[in-house]
Amino acid sequence: RTVHEVWKEPEVKASALRLLGDGILQSDGEVDRAAVAERVFPDLTRLKALEDILHPRVRHRMESWLSDARARGAKAAVLDVPLLMETGLDGLCDVRLFVEAPESLRETRTAGARGGATGEAARRQSRQGDLAAKRAKAHAVISNAGDLAETRRQTNVFWKQYTQGGQDR
């Protein structure tokens, strides 16, 4: 959600247009993230330049959001960040939860969410850190290989342990 909010900032749109050229905006003026992905994932220089635009703003928003959560007395706050460790946002976390699914299932889900783009999950993963290393640094692992009910069950077990003090922080 935070990244979607950042994409709406006029300065971000203008910077992305300068970097990636015309054709990245939809008819409503919003950023076409699929068009952006097509232009940045094959080009590491462009990807890095786009990350330099987005990541500081995302980090600022997340830090502000976490500060607000602490001020409200929240027991916990959840960050869903694919590049958590790569961007250093893991430093904001007391506990890291790794959600895993087999590669074939990730590919099927990504293709379905991206209009059938075969190979999209693998392409995106190739630009991220090693999954085994991320898994090894996690405090807990949730399997997302089954149905949604099973994933929710595992998540609820973790959440209860963590929020009721059963998890070493």
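The values are calculated or read from the model by the stated rules, or taken from the named source; none is laboratory data. It should be emphasised that the depicted structure is a prediction, and the values quoted were computed from it without experimental measurement. Cβ sites come from the backbone with ideal geometry, for glycine too, and all protein chains shown count toward neighbours. Surface accessibility is based on the protein's heavy atoms, side chains included, excluding ligands, DNA and RNA. Shrake-Rupley method; radii C 1.70, N 1.55, O 1.52, S 1.80 Å.
Residues in the range 71-85: is at least one at pLDDT 90 or above and not in a loop (DSSP other than H, G, I, E, B)? Within the range 71-85, one or more residues are at pLDDT 90 or above and not in a loop (DSSP other than H, G, I, E, B). Among the residues examined, A132 does not qualify as in a helix (DSSP H, G or I), more than 17 Å from M85 (Cβ to Cβ) and either more than 16 Å from the chain's Cα centre (by Cα) or at pLDDT below 80 (or both). Beta carbons closer than 9 Å, at least 6 apart along the sequence or on distinct chains, pair a first residue in the range 4-33 that is free of Cβ contacts under 8 Å to residues at least 12 places away in the same chain with a second that is among the small types (G, A, S) and outside any loop (DSSP other than H, G, I, E, B) for Q26/A35. Being in a loop (DSSP other than H, G, I, E, B) and open to solvent by 30 Å² or more (accessible area, probe 1.4 Å) is the requirement here; does V3 meet it? Answer is no for this residue. Scanning the range 20-46 for residues that are outside any loop (DSSP other than H, G, I, E, B) and open to solvent by less than 50 Å² (accessible area, probe 1.4 Å) returns L20, V31, A35, V36, A37, V40. The one condition from (1) over 20 Å from the mean Cα position of the chain (by Cα); (2) within 26 Å of L92 (Cβ to Cβ); (3) surrounded by 12 or more Cβ atoms within 10 Å (Cβ to Cβ) that R72 does not meet is (3). Residues of the range 39-50 include at least one that is touching a residue at least 40 places away in the same chain (Cβ under 8 Å) and either aromatic (F, W, Y) or within 30 Å of K160 (Cβ to Cβ) (or both).
Of all residues in the range 86-113 being part of a loop (DSSP other than H, G, I, E, B) and in contact (Cβ under 8 Å) with a residue 40 or more places away in the chain, which is farthest from V3 (Cα to Cα)?
Of all residues in the range 86-113, those part of a loop (DSSP other than H, G, I, E, B) come to 86-88, 93-96, 101-102.
With in contact (Cβ under 8 Å) with a residue 40 or more places away in the chain added as a condition, the list becomes 86, 94-96, 101-102.
Details: E86: 15, D94: 22, V95: 22, R96: 20, A101: 23, P102: 26 Å.
For the range 86-113, the residue satisfying everything is P102.
Pairs are defined by a Cβ separation below 7 Å, a sequence spacing of at least 6 or placement on different chains, a first member in the range 133-147 that is within 12 Å of C93 (Cβ to Cβ), and a second member that is part of a loop (DSSP other than H, G, I, E, B) and of a type in the set (K, R); the pairs so defined are K137/R96; A138/R96; H139/R96.
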